[in-house]
Amino acid sequence: MKTTDTTTPQAPEVPAAPHEFAMRFTSTPRGARLARRLVSHRLDQWGHPYDSPVNETLTLIAAELTSNAVRHGHVPGRDFHLRLTATPDVLRIEVTDARTERRPPSSVQETPDDAESGRGLLLVTRLAARWGTDPRPAAPGKTVWAECAL
């Protein structure tokens, strides 16, 4: 008796880029906290320990950008998206929200000493090698990104 194998060969799985993390979060303070924690965790997995300057810096930048997405970029019923990428030279974080009309200022000014808020982008400016905004290509909104050199 002759048998034949009729199974089709499986296409090899294409692994995700080893140094990319992307996820959608609810546009709430809880979503922003979770995003910050996952950035720190992913950086640790990529070889930047929790207590390293790189991890602490990028986690702080993530906290600022995600809290701004919740506070200034929130549209009811819409989430924000976070993307973290690493190359040998640069770590980049991108936070995309659904509000097109509320873009961060191109230059950040010092805030008065008694101000209760307004220092987030000042921290990003001082900690990141570069940062900026891009329009969201396929839908309303914007992406605020920051890069840290390694």
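The values are calculated or read from the model by the stated rules, or taken from the named source; none is laboratory data. Here the structure is a predicted model, which means the values were calculated and not measured. For neighbour counting, all protein chains shown are included, and Cβ atoms are generated from backbone atoms with ideal geometry for every residue, glycine included. Protein only, heavy atoms only, side chains kept; ligands, DNA and RNA dropped before computing areas. Shrake-Rupley method; radii C 1.70, N 1.55, O 1.52, S 1.80 Å.
Some values worked out for this structure:
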item	result
Single match in 59, 66, 87 (criterion: in contact (Cβ under 8 Å) with a residue 12 or more places away in the chain, of a type in the set (Ser, Thr, Tyr), at negative phi and in contact with a strand residue (DSSP E or B) (Cβ under 8 Å, 6 or more places away or on another chain))	66
Flag if residue 149 is at pLDDT below 95 and out of contact with any Lys or Arg (no Cβ under 8 Å at 6 or more places or on another chain)	yes
Of residues in the range 50-71 being open to solvent by 60 Å² or more (accessible area, probe 1.4 Å) and modelled with pLDDT of 95 or more, the one nearest to residue 144 (Cα to Cα)	60
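To keep it simple, each residue is scored yes or no on (1) assigned to a loop (DSSP other than H, G, I, E, B); (2) on the phi > 0 side of the Ramachandran plot; (3) at pLDDT 90 or above; (4) surrounded by fewer than 14 Cβ atoms within 10 Å (Cβ to Cβ).
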{"site": "92", "(1), (2), (3), (4)": "no, no, yes, no"}
{"site": "96", "(1), (2), (3), (4)": "no, no, yes, no"}
{"site": "100", "(1), (2), (3), (4)": "yes, no, no, no"}
{"site": "106", "(1), (2), (3), (4)": "yes, no, no, yes"}
{"site": "112", "(1), (2), (3), (4)": "yes, no, no, yes"}
{"site": "117", "(1), (2), (3), (4)": "yes, no, no, yes"}
{"site": "122", "(1), (2), (3), (4)": "no, no, no, no"}
{"site": "126", "(1), (2), (3), (4)": "no, no, yes, yes"}
